[in-house]
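Asker: First the structure, then my questions, so here it is.
The values are calculated or read from the model by the stated rules, or taken from the named source; none is laboratory data. These numbers come from a predicted model, not from an experiment. Cβ placement follows ideal geometry from the backbone for every residue including glycine, while neighbour counts extend to all protein chains displayed. The accessibility values were calculated without ligands, DNA or RNA, using every heavy atom of the protein model including side chains. Shrake-Rupley method; radii C 1.70, N 1.55, O 1.52, S 1.80 Å.
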Amino acid sequence: MSSINELPKQFDPSAIETKWYSYWTKNQYFHSEPDEREPFTVVIPPPNVTGVLHMGHMLNNTIQDVLVRRARMLGKNACWVPGTDHASIATEAKVVQRLRKKGIKKSDLSRDEFMKHAWEWTDEHGGIILEQLKKLGASCDWDRTRFTLEDDLYEAVIDCFIDLHERGLIYRGLRMINWDPEAKTALSDEEVIFKEQNSRFYHIKYRFTDSDEYLTIATTRPETILADTAVCVNPNDERYKHLIGKQVIVPIANRSVPVIADEYVEMEFGTGCLKITPAHDRNDYDLGQKHNLPIIDMLEADGTLSAAAGHYIGKDRFEVRKLIAKDLEEAGFLVKTEEMQNKVGYSERTDVVIEPRLSLQWFLNMQELAKPALENVENDSIRFHPAKFKNSYRNWMENIQDWCISRQLWWGHRIPAWYFGDGEHDFVIAKTKDEALEKARKKTGNSSLGTDDVQQDEDVLDTWFSSWLWPITVFDGMKDPENKDIRYYYPTQDLVTAPEIMFFWVARMIMAGYAFRGEKPFSNVYYHGIVRDKQRRKMSKSLGNSPDPLDLIATYGADGTRVGMLFSSPAGNDLLFDEALCEQGRNFSNKIWNAFRFLVMNMEEDRTYTPRVPSNSDSLVDRWMMSRLHTTIEALNEDFDRYRLNEALQKVYALVWDDFCDWYIELCKSDVPGEKVPAERLEAALGIFEELMKLLHPFMPFISEEIWHYIRERNQAEALTITSWPVANAAHMNSEAEKTFGLMQQLVSALRNIRAEAGIAPGKPIHVLIATHSEEVAKIVQEGSWILNKLQKTESLTIAAEVEKPGLCSTAVVSGIEIFVPMEGLIDLDKERQRIQKEIERFEGFKKSVAAKLNNESFVSRAPDSVVQNEKNKLRDATANLEKLREQLAALG
């Protein structure tokens, strides 16, 4: 063991974190290769390649690291694969923003020129987040780091597209899609976030062409009337039956459109008349197809009005909304406006309002892919933790829509479609231009086609189309389906993620697993909540409510920060983060350090100490501590099996802080003040402390490894990070020892309370009389009497079934056992009477205020039952306390 003199007085996380992380990585403890052991594989949810660590990453990766470190200690071949995602929309937006600052437009660059800038940006900023994860202690196999746009993974995505197209599952079609005017790209339904917001309902007149009569429609998007091609009513609506087939004039556009009938229209909603805009509403498009209506696309890709609108050309859609409302009112077409609340779709990436837009895109048919993915979650082949998330998963899978997989971007996996004409089917799917040319010649029968006659699709694939393959491609399972890594590590064991990407990622990975390997990608999915502040707001830079994770680590240490995150994170529930929890984590580190330092300071420098777990001790305190240790190990294993990491940590915390530090160490001290702890007791304490470090390691890897190497000399093969997880031994689970010691704890606590209430100093001797009212209980208390004498300064200690109650004394009752402490000579009777009288007056005032509240009929009738009951409890307790105080006052005479 290192010299006693080397142990710092204060625990300084910054002094050890880099040291131990370098030690772990240098010795390749985190690296994994296939062998005869059971694999435990986790793939990291890949963060954006140019991202930086935020609180969500902190929580997600802390949980993963706890699971991986424990698996490693269980003797499993733990492999945690790190990596990053190319993040098409987010990264391209950053590059475009950077170019704009240099006075360069994306439209001024060729694709190759733009990609050069994008790779420069990625090389400059990429991988920062992975380095930051090391500060947290993440035990990833860094030799296995992957990137979704690296060559092998790029090729795997292209192979996946080709394979699915050959299966007939990928198709190209004109569909109503979600359009992001900021990113100028299509989005999948899952990339649209609906937000409740205040809107206006505009009631607008549409005059008939043959009379002065009019219909009134109501819309929240008056600018879209410029693309109306019909007005629709319900054929059963008596108000409008006679008007079906007539023509009305679209205001401002001054264009006539027919009044059509369809039962889709709800007679009770709005005015019962629905404007039909096939190019800019999904339901309107379906009606337009059904009734053969023309389509007018009035919006450009950036959300400005196109020439087809005929008015307000080049102006932004929201500016036009204000202008057209004003013009409608001035022209007498605006009947009224109503304030209302509705849900509006926003882009998940750019946070701008999306537009429904008719567009030619690539889609993936999801119906067949979804079947095994749903079945194997339903039958628990893949388990969700908590299981409640199966409900929302099932609902989505049973109503799954085709996935729009094309994006109008350059940064990403370019779609392997090659066009040789303008016809609907004038394309081939191929990996290379040469292969495409050969296929095009064969398809057309035109052998004279040249390389200039085939052009690759300009669009790229949705980012999620690469990350849905992540558990497969990180082990090159698409490139070489039978390689040793994929055969050994796949399926992986645990996926840790947030429920908000259940549909983006989790469901799709499950589908890909069955589609390309015929088996599940992972066995368990642990869903953690969203990190929120104390006001339940999601943490974000814009709100300024998100601390910098690296600042937290610098202030509280990595271990303290990890504990703070886990303390506030029950599985599946949102995390209400409070920095005070990280402070509690740091305090826990200090408590552990100070406890160890106490043991070290009691060592003789010229003596060798061998830590020994007190397995066969006759001492009650040893038997109790060993029982607490092993029952906790058993409970921890159960918590880990159920993914209750928050509860597991709380159990370790209580075992270390309450049981070991506050009780066991105190009872290890010498009976003679000033003397060092006896060697035998010290070695037992060190033996137990070693076991505690093992239990702490997954949660607090740095301080546990540091202390582990101080306890005794260790070689590289004996590092804590690869030491075996403790085994729960039923032989050490001693309920009688726990019961007896628990009783002694209650007696000690009762005596401490008596001292505190009477103002008796801890060092002042007291006489203690204990009436157990049972000879058997008296024997039990007698066995532990040395604990009372050691932890309480006693002048005398009398333990019997029955004792005579002293005249002037303080009393307490513990599990039917009465405790009497004579007060004569210990307190100033006049002062004590004054103190008790003040307490009586305080409780009387408190009781009066509570009674008044309960006598208030308005409060009792309106307040929740739990609140009323709480007030009744206060009244009951105040009454009991008053009775006790009056008895004490009477006893003083």
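Asker: Consider Lys853 carefully, then state whether it is of a type outside the set (Asp, Glu), more than 22 Å from Ala771 (Cα to Cα), part of a helix (DSSP H, G or I) and touching a Phe, Trp or Tyr at 6+ places or on another chain (Cβ under 6 Å).
Answerer: Numbers: of a type outside the set (Asp, Glu): yes; more than 22 Å from Ala771 (Cα to Cα): yes; part of a helix (DSSP H, G or I): yes; touching a Phe, Trp or Tyr at 6+ places or on another chain (Cβ under 6 Å): yes.
The answer is yes for Lys853.
Asker: Here are some residues: Pro762, Pro822. Which one is at pLDDT 85 or above and exposed (fewer than 15 other Cβ atoms within 10 Å of the Cβ)? Spell out the reasoning first.
Answerer: Working: Pro822 fails: exposed (fewer than 15 other Cβ atoms within 10 Å of the Cβ).
The unique qualifying residue is Pro762.
Asker: Among the residues of segment 48-65, is any touching an Asp or Glu at 6+ places or on another chain (Cβ under 6 Å), closer than 30 Å to Trp725 by Cβ and modelled with pLDDT of 90 or more?
Answerer: Checking segment 48-65: not a single residue is touching an Asp or Glu at 6+ places or on another chain (Cβ under 6 Å), closer than 30 Å to Trp725 by Cβ and modelled with pLDDT of 90 or more.
Asker: Filter segment 421-440 down to the residues that are closer than 17 Å to Gln361 by Cβ and not charged (D, E, K, R), then identify the one that is most open to solvent (accessible area, probe 1.4 Å).
Answerer: Looking at residues that are closer than 17 Å to Gln361 by Cβ and not charged (D, E, K, R), I get His425.
Asker: Which residue is most open to solvent (accessible area, probe 1.4 Å), if the candidates are limited to segment 249-272 and must be more than 44 Å from the chain's Cα centre (by Cα), within 11 Å of Ile217 (Cβ to Cβ) and in contact (Cβ under 8 Å) with a residue 60 or more places away in the chain?
Answerer: It comes out as Thr271.
Asker: Conditions first: (1) small (Gly, Ala, Ser); (2) closer than 18 Å to Ile633 by Cα; (3) outside any helix (DSSP H, G or I). Ser670 passes all but one, so which condition is the exception?
Answerer: (2)
Asker: Being in a loop (DSSP other than H, G, I, E, B), of a type outside the set (Lys, Arg) and on the phi < 0 side of the Ramachandran plot is the filter here; which residues of segment 158-174 pass it? Give the steps one after another, and end with the answer.
Answerer: Taking segment 158-174 as the starting set, the residues that turn out to be in a loop (DSSP other than H, G, I, E, B) are 167-169.
Add one more test, that the residue is of a type outside the set (Lys, Arg), and what stays is 168-169.
Within segment 158-174, just Leu169 meets the criteria.
Asker: Could you list, in sequence order, the residues of segment 630-679 that are among the acidic types (Asp, Glu) and touching a helix residue (DSSP H, G or I) at 6+ places or on another chain (Cβ under 6 Å)?
Answerer: Taking segment 630-679 first, the residues among the acidic types (Asp, Glu) are 634, 638-639, 641, 647, 658-659, 662, 666, 671, 675.
If the condition is that a residue be among the acidic types (Asp, Glu) and touching a helix residue (DSSP H, G or I) at 6+ places or on another chain (Cβ under 6 Å), then Asp639, Glu647, Asp659 are the ones that fit.
Asker: Condition test on Leu797, is it surrounded by 12 or more Cβ atoms within 10 Å (Cβ to Cβ) and within 24 Å of Arg755 (Cβ to Cβ)? Walk me through how you get there before you give the answer.
Answerer: Details: surrounded by 12 or more Cβ atoms within 10 Å (Cβ to Cβ): yes; within 24 Å of Arg755 (Cβ to Cβ): yes.
In short, yes.
Asker: Within segment 597-609, is there a residue that is farther than 26 Å from Glu691 by Cβ, open to solvent by 30 Å² or more (accessible area, probe 1.4 Å) and in a loop (DSSP other than H, G, I, E, B)? Let's see the steps before the verdict.
Answerer: Just the residues of segment 597-609 that are farther than 26 Å from Glu691 by Cβ, to begin with: 606.
Narrowing further to those that are open to solvent by 30 Å² or more (accessible area, probe 1.4 Å): 606.
Still in the list and also in a loop (DSSP other than H, G, I, E, B): 606.
So far as segment 597-609 goes, yes, one or more of its residues are farther than 26 Å from Glu691 by Cβ, open to solvent by 30 Å² or more (accessible area, probe 1.4 Å) and in a loop (DSSP other than H, G, I, E, B).
Asker: Let me ask another. Would you please name the residue that is most open to solvent (accessible area, probe 1.4 Å), looking only at residues in segment 39-69 that are of a type in the set (Val, Ile, Thr) and under 18 Å from the mean Cα position of the chain (by Cα)? Spell out how you get there, then give the answer.
Answerer: Taking segment 39-69 first, the residues of a type in the set (Val, Ile, Thr) are 41-44, 49-50, 52, 62-63, 66, 68.
Imposing the further condition that a residue be under 18 Å from the mean Cα position of the chain (by Cα) reduces the set to 42-44, 52, 62-63, 66, 68.
Working: Val42: 3, Val43: 1, Ile44: 1, Val52: 66, Thr62: 0, Ile63: 1, Val66: 0, Val68: 1 Å².
Result: Val52.
Asker: Which of (1) surrounded by 16 or more Cβ atoms within 10 Å (Cβ to Cβ); (2) part of a helix (DSSP H, G or I); (3) at pLDDT below 95 is the odd one out, the single condition Leu328 does not satisfy?
Answerer: (3) is the only condition that Leu328 fails.
Asker: Also, I was wondering about something else. Within segment 515-567, take every residue that is open to solvent by 50 Å² or more (accessible area, probe 1.4 Å) and among the aliphatic types (A, V, I, L, M) and give me the one that is farthest from Ile63 (Cα to Cα). Full working, then the answer.
Answerer: Filtering segment 515-567 down to residues open to solvent by 50 Å² or more (accessible area, probe 1.4 Å) leaves 517-519, 532, 534-538, 541-544, 548, 550-551, 554-555.
Pick out the ones that are also among the aliphatic types (A, V, I, L, M) and you get 543, 550, 554.
Details: Leu543: 26, Leu550: 17, Ala554: 20 Å.
Only one residue tops the list, namely Leu543.
Asker: Considering only residues that are part of a helix (DSSP H, G or I) and either closer than 11 Å to Ala507 by Cβ or among the charged types (D, E, K, R) (or both), which ones fall in segment 365-388? It would help to see each step written out before you state the result.
Answerer: Start the filter on segment 365-388 by keeping residues that are part of a helix (DSSP H, G or I), which leaves 367-378.
If the condition is that a residue be part of a helix (DSSP H, G or I) and either closer than 11 Å to Ala507 by Cβ or among the charged types (D, E, K, R) (or both), then Glu368, Leu369, Ala370, Lys371, Ala373, Leu374, Glu375, Val377, Glu378 are the ones that fit.
Asker: Would you pick out the residues in segment 621-635 that are farther than 19 Å from Tyr653 by Cβ and open to solvent by 10 Å² or more (accessible area, probe 1.4 Å)?
Answerer: Once the filter is applied, which keeps residues that are farther than 19 Å from Tyr653 by Cβ and open to solvent by 10 Å² or more (accessible area, probe 1.4 Å), segment 621-635 yields only Arg623.
Asker: List every residue pair whose Cβ atoms sit under 7 Å apart, with the two residues 6 or more apart in sequence or on different chains, where the first one lies in segment 869-888 and is assigned to a helix (DSSP H, G or I) and the second, anywhere, is open to solvent by 50 Å² or more (accessible area, probe 1.4 Å).
Answerer: If the second residue must be open to solvent by 50 Å² or more (accessible area, probe 1.4 Å), the pairs left are Glu871/Lys853; Leu875/Lys847; Ala878/Phe846; Ala878/Lys847; Thr879/Lys847; Leu882/Glu844; Leu882/Lys847; Leu885/Glu839.
Asker: For the list (1) closer than 20 Å to Thr473 by Cβ; (2) crowded, with 21+ Cβ neighbours inside 10 Å, I need the number of the one condition that Leu187 fails.
Answerer: Status for Leu187: all satisfied but (1).
Asker: Turning to a different aspect of this structure: Kindly indicate whether any position in segment 698-717 is surrounded by fewer than 19 Cβ atoms within 10 Å (Cβ to Cβ), closer than 28 Å to Cys79 by Cβ and among the charged types (D, E, K, R).
Answerer: Yes: one or more hits.
Asker: If I ask for residues that are hydrophobic (A, V, I, L, M, F, W, C) and more than 20 Å from Glu500 (Cα to Cα), which ones from segment 371-428 would you list? Full working, then the answer.
Answerer: Restricting attention to segment 371-428, the residues satisfying the condition of being hydrophobic (A, V, I, L, M, F, W, C) are 373-374, 377, 382, 384, 387, 389, 396-397, 400, 403-405, 409-411, 415, 417-418, 420, 427-428.
Matches in segment 371-428: Leu409, Trp410, Trp411, Ile415, Ala417, Trp418, Phe420, Phe427, Val428.
Yes/no per residue for (1) among the small types (Gly, Ala, Ser); (2) more than 30 Å from Glu166 (Cα to Cα); (3) at pLDDT 95 or above:
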residue: Thr304; (1), (2), (3): no, yes, yes
residue: Val320; (1), (2), (3): no, yes, yes
residue: Asn342; (1), (2), (3): no, yes, no
residue: Gly345; (1), (2), (3): yes, yes, no
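Asker: Tally time: how many residues in segment 441-475 are under 23 Å from Ile382 (Cβ atoms) and either surrounded by fewer than 17 Cβ atoms within 10 Å (Cβ to Cβ) or among the aromatic types (Phe, Trp, Tyr) (or both)?
Answerer: Within segment 441-475, residues that are under 23 Å from Ile382 (Cβ atoms) and either surrounded by fewer than 17 Cβ atoms within 10 Å (Cβ to Cβ) or among the aromatic types (Phe, Trp, Tyr) (or both) number 5.
Asker: State all residues of segment 175-193 that are assigned to a loop (DSSP other than H, G, I, E, B) and not hydrophobic (A, V, I, L, M, F, W, C); if no residue qualifies, say none. Break it down stepwise before answering.
Answerer: Going residue by residue through segment 175-193, those that are assigned to a loop (DSSP other than H, G, I, E, B) are 181-184, 188.
Of everything in segment 175-193, those that are assigned to a loop (DSSP other than H, G, I, E, B) and not hydrophobic (A, V, I, L, M, F, W, C) turn out to be Pro181, Glu182, Lys184, Ser188.
Asker: Among Trp362, Trp418, Trp410, which is open to solvent by less than 60 Å² (accessible area, probe 1.4 Å), touching a residue at least 24 places away in the same chain (Cβ under 8 Å) and outside any strand (DSSP E or B)?
Answerer: Numbers: Trp362 fails: outside any strand (DSSP E or B); Trp418 fails: outside any strand (DSSP E or B).
Every option except Trp410 fails the conditions.
Asker: Among the residues of segment 683-697, which ones are open to solvent by less than 10 Å² (accessible area, probe 1.4 Å), in contact with a Pro (Cβ under 6 Å, 6 or more places away or on another chain) and not aliphatic (A, V, I, L, M)?
Answerer: First pass over segment 683-697, keeping only residues open to solvent by less than 10 Å² (accessible area, probe 1.4 Å): 684-689, 692-693, 695-697.
When the remaining residues are screened for being in contact with a Pro (Cβ under 6 Å, 6 or more places away or on another chain), the result is 684, 686-687.
The answer is Gly687, and nothing else.
Asker: Suppose the filter is touching a residue at least 24 places away in the same chain (Cβ under 8 Å), surrounded by fewer than 17 Cβ atoms within 10 Å (Cβ to Cβ) and within 27 Å of Ala387 (Cβ to Cβ); does Asn590 pass it?
Answerer: Working: touching a residue at least 24 places away in the same chain (Cβ under 8 Å): yes; surrounded by fewer than 17 Cβ atoms within 10 Å (Cβ to Cβ): yes; within 27 Å of Ala387 (Cβ to Cβ): no.
For Asn590, the condition - touching a residue at least 24 places away in the same chain (Cβ under 8 Å), surrounded by fewer than 17 Cβ atoms within 10 Å (Cβ to Cβ) and within 27 Å of Ala387 (Cβ to Cβ) - is not met.
Asker: What about Tyr171, is it under 28 Å from Pro47 (Cβ atoms), at pLDDT 95 or above and not β-branched (Val, Ile, Thr)?
Answerer: Values: under 28 Å from Pro47 (Cβ atoms): no; at pLDDT 95 or above: yes; not β-branched (Val, Ile, Thr): yes.
It is false that Tyr171 is under 28 Å from Pro47 (Cβ atoms), at pLDDT 95 or above and not β-branched (Val, Ile, Thr).
Asker: Here are some residues: Leu829, Leu808. Which one is in contact with a strand residue (DSSP E or B) (Cβ under 7 Å, 6 or more places away or on another chain) and touching a residue at least 24 places away in the same chain (Cβ under 8 Å)? Steps first, answer last, please.
Answerer: Numbers: Leu829 fails: in contact with a strand residue (DSSP E or B) (Cβ under 7 Å, 6 or more places away or on another chain).
Within the list Leu829, Leu808, the selection yields Leu808.
Asker: Okay, moving on. May I ask you to say which residue of Leu543, Leu552 is out of contact with any Gly (no Cβ under 6 Å at 6 or more places or on another chain), modelled with pLDDT of 90 or more, closer than 20 Å to Gly51 by Cβ and not in a strand (DSSP E or B)? Lay out the reasoning, then the answer.
Answerer: On the way: Leu543 fails: modelled with pLDDT of 90 or more.
Of Leu543, Leu552, the one residue that is out of contact with any Gly (no Cβ under 6 Å at 6 or more places or on another chain), modelled with pLDDT of 90 or more, closer than 20 Å to Gly51 by Cβ and not in a strand (DSSP E or B) is Leu552.
Asker: Check Thr216, Thr209 and return the single one that is surrounded by fewer than 17 Cβ atoms within 10 Å (Cβ to Cβ), farther than 18 Å from Glu355 by Cα, in contact with a Phe, Trp or Tyr (Cβ under 8 Å, 6 or more places away or on another chain) and among the hydroxyl-bearing types (Ser, Thr, Tyr). So that I can check it myself, show each step before the final result.
Answerer: Working: Thr209 fails: in contact with a Phe, Trp or Tyr (Cβ under 8 Å, 6 or more places away or on another chain).
After ruling out the rest, the residue left standing is Thr216.
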